[in-house]
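*Asks:* Before I ask anything, here is the structure I am working with.
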Amino acid sequence: MKKSQMRKNGLFTQVVFQIELKIHDADCVAASEGIVLKDSHIKSCLSKAKLFAKGSSPKAEPKSDRDKFILQLAKDIDSFRHNIRESEGRDSDSEDTNPINTGDWIRVIKIVEDSLKFHAVPGGRSYLDFLTGFIAQARGNV
C-alpha cells in the first residue's frame, strides 16, 4: 500500500498515532530520568526500528544512557508491530487477519518520519514539543 493510501486508512492512521504516542510517552520517561531527547534522537530511533523490521540490528553498541534509551524505544516500537493485524478485505471476518507485512510497517514508520521532518528544527525538539500538544489534544487534555 502506498503512503498516500495509508494516510487515508483508519488502521494505519491509528498505528501512526500509537507510534507517536510511544515516542511521546518515552520522551516523558526520559525527562523524568534526566535524559534529554531531541528530534535527531527520534530520527535515529526510527531508523533503528526500520532495521529491526528488516531483520537487522544496529552495528554500534549503545555507549550512553541516552543511546540505550533510544535503542530500547526502537525495540518497543518494533515489538508493537507484532500486535497489528490487517484484514484480507473489507468483508473479512476478524479471524481473517494477518500480521502487518514488513513493507507496510516500514511505510508506516516513514509516515512518522515525514511528520518528524515537517516539524523538526535542526538540533531542537520541535517535533517532540509538537507531539506534546498533539497527544494532549487527542486525549482531550487541552
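The values are calculated or read from the model by the stated rules, or taken from the named source; none is laboratory data. All values reported here derive from a predicted model rather than from experimental measurement. Using ideal geometry, Cβ is built from the backbone for each residue, glycine included, and neighbour counts are taken over all protein chains shown.
*Asks:* So if I check each of Leu21, Leu46, Leu51, which one is more than 11 Å from the chain's Cα centre (by Cα) and either closer than 17 Å to Ser126 by Cα or not basic (Lys, Arg) (or both)?
*Replies:* That would be Leu51, the only listed residue that is more than 11 Å from the chain's Cα centre (by Cα) and either closer than 17 Å to Ser126 by Cα or not basic (Lys, Arg) (or both).
*Asks:* Sticking with this structure for a sec: How many residues does the stretch 23-62 contain that are touching a helix residue (DSSP H, G or I) at 6+ places or on another chain (Cβ under 7 Å), assigned to a helix (DSSP H, G or I) and within 15 Å of Leu128 (Cα to Cα)?
*Replies:* 12
*Asks:* Every residue in the stretch 123-142 that is closer than 20 Å to Val36 by Cα and outside any helix (DSSP H, G or I), please.
*Replies:* Gly123, Gly124, Arg125
*Asks:* Same structure, new question: Would you point out which residue out of Phe69, Phe80 is assigned to a helix (DSSP H, G or I), among the aromatic types (Phe, Trp, Tyr) and either modelled with pLDDT of 95 or more or crowded, with 18+ Cβ neighbours inside 10 Å (or both)?
*Replies:* On the way: Phe80 fails: either modelled with pLDDT of 95 or more or crowded, with 18+ Cβ neighbours inside 10 Å (or both).
Answer to the check: Phe69.
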